[in-house]
Amino acid sequence: MLDILRIILPVFVVVAGGYGAARANFFQPAHVDGVLAFAMRFGVPCLLFLGMYRLDLHAQYDWRLLVSFYAGALLCFALGALGAWRLFGRRPGESVAIGFAALFSNSLLLGLPITQRAYGADAVAGNYVIISIHAPLCYLVGILAMETVRADGRGVAATLRAVGGTMFRNALTIGLALGLAANVSGFALPEPALAGVEMLARAALPAALFGLGGALTRYAIRGGLGEGIMVSVLSLLVHPAIALVLSGWVFALPVEFVRSAVVTAAMAPGINAYVFAAMYQRATAVAASTVLMATAASVATASFWLFALEAAGF
């Protein structure tokens, strides 16, 4: 167990460092925004570019891995929205926003570094496969559901245009797309350019984690405690359990894919859960509370899932 904590804790120490620095006013809001802007617009897109550029598409792009992860994600979305509506009496639009928090795991800022620390830099190919469609699929599902249930919703065609425009202007999507294009085309990046991209990529996750800690100081557990606990249980326990059953026993995937599916599924909702709620002004306080609560709880639950994988022979 101590070995597992040694894997998990450094990631959260960096997050806690950003949180503490921001709380102590050593890390001003403008600094937080600047670090996150660097990480999400430059560093992380370079990291995703390299991941897709070096991915063995034939060997590693397995539909069973995607089903193992996204079947649980979509089920948790449905259960979260239904639970918010039926158990907590939330309106339909609020219920979708709460369900979205159960759908959107922090696959990039937490899932990737924890998998890498636990199993090595060569064990994250499955993570990149999952991440490659994560934001587009989750936002597509969330926006279509929201536009369907809210009274002032757009039509399907307008919604799809909005989703497409948002995704293709996103630096993370651009990094993934360029890496995939270079991979498929066989284009060899010149060595000086590749070395520069690698330098930016190495800075991405530490900067993003520190910035994430600073950003978490903007949220507080104000209300919707019951809904937040429900989403945390779905995100941190139900989703990875489904991923383990499907990837480990139903599909009997290679051990590296099982690890990627379960660890990624076990991550807390990302800040995108709050971004989505704020975009529609639905259940923003619940989304903020959930991100904060689940991120704190994931120190323990991520350790549990690493232990469970080891105990199950993965």
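The values are calculated or read from the model by the stated rules, or taken from the named source; none is laboratory data. Just so it is clear, the model here is predicted, and its values are computed rather than measured. Cβ coordinates were reconstructed from backbone atoms using ideal geometry, including for glycine residues, and neighbour counts include every protein chain displayed. Quick note on the areas: whole protein, heavy atoms, side chains included, nothing else; ligands and nucleic acids left out. Shrake-Rupley method; radii C 1.70, N 1.55, O 1.52, S 1.80 Å.
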Residue in the range 217-231 that is within 18 Å of the chain's Cα centre (by Cα) and within 20 Å of TYR70 (Cβ to Cβ) present: yes
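Just for the range 281-306: of the residues that are hydroxyl-bearing (Ser, Thr, Tyr) and in contact with a Leu (Cβ under 9 Å, 6 or more places away or on another chain), which one is surrounded by the fewest Cβ atoms within 10 Å (Cβ to Cβ)?
Narrowing the range 281-306 to residues hydroxyl-bearing (Ser, Thr, Tyr): 284, 289-290, 295, 298, 301, 303.
Next cut, in contact with a Leu (Cβ under 9 Å, 6 or more places away or on another chain) only: 289, 295, 298, 301, 303.
Values: SER289: 25, THR295: 26, SER298: 26, THR301: 20, SER303: 18.
Once the filter is applied, the top-ranked residue is SER303.
With respect to ARG90, determine if the residue is touching a residue at least 40 places away in the same chain (Cβ under 8 Å) and not in a helix (DSSP H, G or I).
Values: touching a residue at least 40 places away in the same chain (Cβ under 8 Å): yes; not in a helix (DSSP H, G or I): yes.
In short, yes.
Yes or no: ASP62 closer than 15 Å to SER247 by Cβ and modelled with pLDDT under 95?
On the way: closer than 15 Å to SER247 by Cβ: yes; modelled with pLDDT under 95: yes.
Yes: the conditions hold for ASP62.
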Only one of LEU9, LEU74, LEU47, LEU65 that is in contact with a Phe, Trp or Tyr (Cβ under 6 Å, 6 or more places away or on another chain) and in contact (Cβ under 8 Å) with a residue 12 or more places away in the chain: LEU65
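Residue by residue, here is whether (1) open to solvent by 20 Å² or more (accessible area, probe 1.4 Å); (2) at pLDDT 90 or above holds:
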position	(1), (2)
TYR219	yes, no
ARG222	yes, no
ILE229	yes, yes
GLU256	yes, yes
ARG259	yes, yes
GLY270	no, no
VAL275	yes, no
MET279	yes, no
Among (1) part of a helix (DSSP H, G or I); (2) in contact (Cβ under 8 Å) with a residue 40 or more places away in the chain, the one test that TRP249 misses: (2)
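Can you tell me which of PHE12, PHE27, PHE69 is buried (at least 18 other Cβ atoms within 10 Å of the Cβ) and within 22 Å of GLU256 (Cα to Cα)?
Numbers: PHE12 fails: within 22 Å of GLU256 (Cα to Cα); PHE27 fails: within 22 Å of GLU256 (Cα to Cα).
Only one candidate qualifies: PHE69.
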Meets criteria (farther than 15 Å from ALA297 by Cα, in a helix (DSSP H, G or I), open to solvent by less than 10 Å² (accessible area, probe 1.4 Å) and not acidic (Asp, Glu)) for ALA241: no
Selected residue (only one of ASP122, ASP152 is modelled with pLDDT under 90, surrounded by fewer than 17 Cβ atoms within 10 Å (Cβ to Cβ) and in a helix (DSSP H, G or I)): ASP122
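May I ask you to verify whether MET293 is within 16 Å of the chain's Cα centre (by Cα) and outside any helix (DSSP H, G or I)?
Considered against the rule, which asks whether it is within 16 Å of the chain's Cα centre (by Cα) and outside any helix (DSSP H, G or I), MET293 comes out as no.
Any chance the range 203-220 includes a residue that's among the β-branched types (Val, Ile, Thr), touching a Leu at 6+ places or on another chain (Cβ under 6 Å) and touching a residue at least 60 places away in the same chain (Cβ under 8 Å)? Give the steps one after another, and end with the answer.
Taking the range 203-220 and keeping what is among the β-branched types (Val, Ile, Thr), we get 217.
Within this subset, residues satisfying the condition of being touching a Leu at 6+ places or on another chain (Cβ under 6 Å) are none.
No.
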Boolean, ARG6 is open to solvent by 80 Å² or more (accessible area, probe 1.4 Å), of a type in the set (D, E, K, R) and modelled with pLDDT under 85: yes
Conditions (1) at pLDDT 90 or above; (2) part of a loop (DSSP other than H, G, I, E, B): number failed by THR264: (2)
Residues being open to solvent by less than 70 Å² (accessible area, probe 1.4 Å), in contact with a helix residue (DSSP H, G or I) (Cβ under 8 Å, 6 or more places away or on another chain) and in a helix (DSSP H, G or I) - total across the range 39-63: 15
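Quick one: in the range 136-149, which of the residues that are open to solvent by 10 Å² or more (accessible area, probe 1.4 Å) and closer than 12 Å to ALA73 by Cβ is modelled with the highest pLDDT?
Within the range 136-149, the subset open to solvent by 10 Å² or more (accessible area, probe 1.4 Å) is 136-137, 139-141, 143-145, 147-149.
Checking which are closer than 12 Å to ALA73 by Cβ leaves us with 137, 141.
Details: LEU137: 85, VAL141: 89.
That would be VAL141.
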Any chance ALA311 is modelled with pLDDT of 90 or more, farther than 19 Å from ALA81 by Cα and either crowded, with 24+ Cβ neighbours inside 10 Å or out of contact with any strand residue (DSSP E or B) (no Cβ under 7 Å at 6 or more places or on another chain) (or both): yes
